[in-house]
Structures are given as structure tokens and as C-alpha cells.
Amino acid sequence: MASHIGKLPIAVPAGVEITVNGSIFQAKGPKGTDSFELPEGISVSVEDGHVTFTPEDDARPTRAKHGLARSLAAGIIEGVSKGFEKRLLIVGTGYRVVAKGKNLEFFLGYSHTINVEAPAGIEFEVVNPNELLVKGIDKQAVGQIAANIRKLRAPEPYKGKGIKYADERIIRKAGKAGK
């Protein structure tokens with residue numbers, strides 16, 4: 001019995017080209033090129049604008065990787081066609097970000113500024129001094145860089161100051177009770 005997710009075909013958008021060389025799945029689109037190595041025991045067929053994954057046998061390890069391979073391929077196809085982005089908000093008096101070429105400089109209430117370099121395949125867009133977009137074609141890399149930036153000054157629960165995701169809700173705590 002194959003994975004329920006793995007059985008679903010992936011529609012390939014216009015402008016995206018899929019190639020499979022042995023165990024390497026590669027997608028090329030308007031945003032760039034990305035690839036991954038297929039798990040052992042999974043085969044791919046590309047026909048009529050759809051990509052389908054099938055396990056070569058019904059062994060449990062192969063079934064377990066069936067849905068994973070399909071999900072990774074779907075992420076790569078979406079990344080090369082549309083790209084991924086994470087929006088970060090910087091909350092706090094005097095907290096801000098400034099673009100320095102491709103890199104960022106953060107002012108987060110420390111005695112020093114913090115510089116973040118853009119790794120390959122990732123680009124930063126400073127919407128305003130309190131809002132930042134992390135963009136790229138690799139979903140995992142975009143999420144990891146956004147998490148690393150958030151970790152520079154994680155939001156605290158009393159005043160909500162720090163760097164947070166745009167869709168994140170900080171649960172606030174009551175401060176000390178006044179007399």
C-alpha cells in the first residue's frame with residue numbers, strides 16, 4: 001500500500017522543465033534551478049504536465065519515503081516557479097534593520113550592531129526599518145535563515161519586543177502586580 005500523499009500527481013506549471021537523470025530529480029524554472037536525490041526504490045514519471053511518483057516495491061521503508069519524495073519534489077517545483085518568502089517584523093523602540101548591499105545590519109538594543117550576510121540563493125528585502133522579507137527558491141534554506149535572524153532577538157513575552165514572524169502571535173504575560 002503506497003503513501004496517500006505520494007499517490008497524488010504534481011501539476012507542473014508553465015515555464016517549469018522537469019528532468020530525471022538516474023536518481024537525480026531536477027526542476028528548472030523562471031526563478032532558478034533546484035534538484036534533489038530520489039530515495040532508493042522510488043521511480044518518477046513525467047507525462048502530460050504531471051509528475052507521478054511510484055514505489056518499486058511494497059516494503060515499509062520504500063512506502064515511508066514515497067510521500068517524502070513527492071513532498072520534496074512539490075516544494076522544488078513551487079520554489080523554481082514562484083519562490084518562497086518569510087516576512088519578519090522587528091518590534092521595539094529603536095530596533096530596526098538596514099540593508100547594506102546584499103547584507104543586513106540590525107540594531108536590536110545591544111551595545112553593537114549585528115551584521116547578517118546573505119548566503120547563496122537567498123536575498124533580503126527591507127520593506128521598511130521594521131519589516132524584512134527573506135526570499136529564495138529553497139524552502140528549507142529560507143526557513144532556516146529566517147529562524148536564524150529571529151534568534152538574534154527572539155520576542156519576549158512581557159512587552160513583545162524582538163524579531164517575530166509576521167503571522168506569529170506572541171502570548172503576553174502579565175508583569176509584576178503593582179501595589
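The values are calculated or read from the model by the stated rules, or taken from the named source; none is laboratory data. What you see is a predicted model; the values in this text were computed from it and never measured. Note: ideal-geometry Cβ built from the backbone for every residue, glycine included; neighbour counts use all protein chains shown. Heavy atoms of the whole protein, side chains included, go into the accessibility calculation; ligands, DNA and RNA do not. Shrake-Rupley method; radii C 1.70, N 1.55, O 1.52, S 1.80 Å.
So, for region 82-163, what is the accessible surface per residue at a probe of 1.4 Å, expressed in square angstrom? Present the calculation step by step, with values, prior to reporting the outcome.
Values: 4620 Å² over 82 residues.
Heavy-atom SASA per residue in region 82-163 reads 56 Å².
Just to confirm the number: angle between the C-alpha axis of helix 139-151 and the first principal axis of the chain, 0 to 90 degrees, nearest 10?
Once rounded, the angle reads 20 degrees.
Longest span of the chain, sites excluded, free of chymotrypsin sites (Phe, Trp or Tyr not before Pro) in DSSP loop with at most 15 other C-beta atoms within 10 Å?
Within the chain, the longest run free of exposed chymotrypsin sites (Phe, Trp or Tyr not before Pro) spans 1-109.
At 222 nm, what helix-only mean residue ellipticity would the chain give, in deg cm²/dmol to the nearest 500, using -39500 (n - 2.57) for each DSSP H run of four or more?
On the way: 3 runs with 39 residues, N = 179.
Value at 222 nm, helices only, nearest 500: -7000 deg cm²/dmol.
What nm distance separates the two modelled labels at GLU123 and ARG169, each placed 7 Å from Cα along Cα→Cβ?
Distance between label points: 3.4 nm.
Calculate the tail of P(r) for region 8-80: the fraction of all Cα-Cα distances greater than 18 Å, expressed in %.
32 percent
Once you have the alpha carbon radius of gyration of the chain, what is it after dividing by 2.2 N^0.38 Å, with N set to its residue count?
In units of the 2.2 N^0.38 Å rule of thumb, it is 1.33.
Put a dot 7 Å past each Cα toward the Cβ at ASP57 and GLU105; how far apart are the dots in nm?
Here the modelled spin labels are 6.0 nm apart.
Considering only C-alpha atoms, what is the centroid distance from region 45-89 to region 7-40, in Å?
Here the two parts' Cα centres lie 8 Å apart.
In degrees between 0 and 90, to the nearest 10, how far off the longest principal axis of the chain does helix 60-81 point, with axes built from Cα atoms?
Long axis of 60-81 versus the principal axis of the chain: about 60 degrees.
Probe radius 1.4 Å, ligands and nucleic acids ignored: give me the carbon and sulfur share of the accessible area of region 2-84 as a rounded percent. Mind dumping the intermediate values first?
Working: 2350 of 4630 Å².
About 51 percent, which is the carbon plus sulfur part of the accessible surface.
Pop a pseudo-label 7 angstrom from the Cα along the beta-carbon direction at both GLU131 and HIS4 and give the gap in nm to one decimal.
3.8 nm
Contact order normalised by length for region 8-80, with contacts defined as Cα pairs under 8 Å and 6 or more residues apart; what percent is it?
Over region 8-80, the number comes to 33 percent.
From Cα pairs below 8 angstrom and at least 6 apart in sequence, can you work out the relative contact order of region 1-129, rounded to a whole percent?
For region 1-129, the relative contact order is 21 percent.
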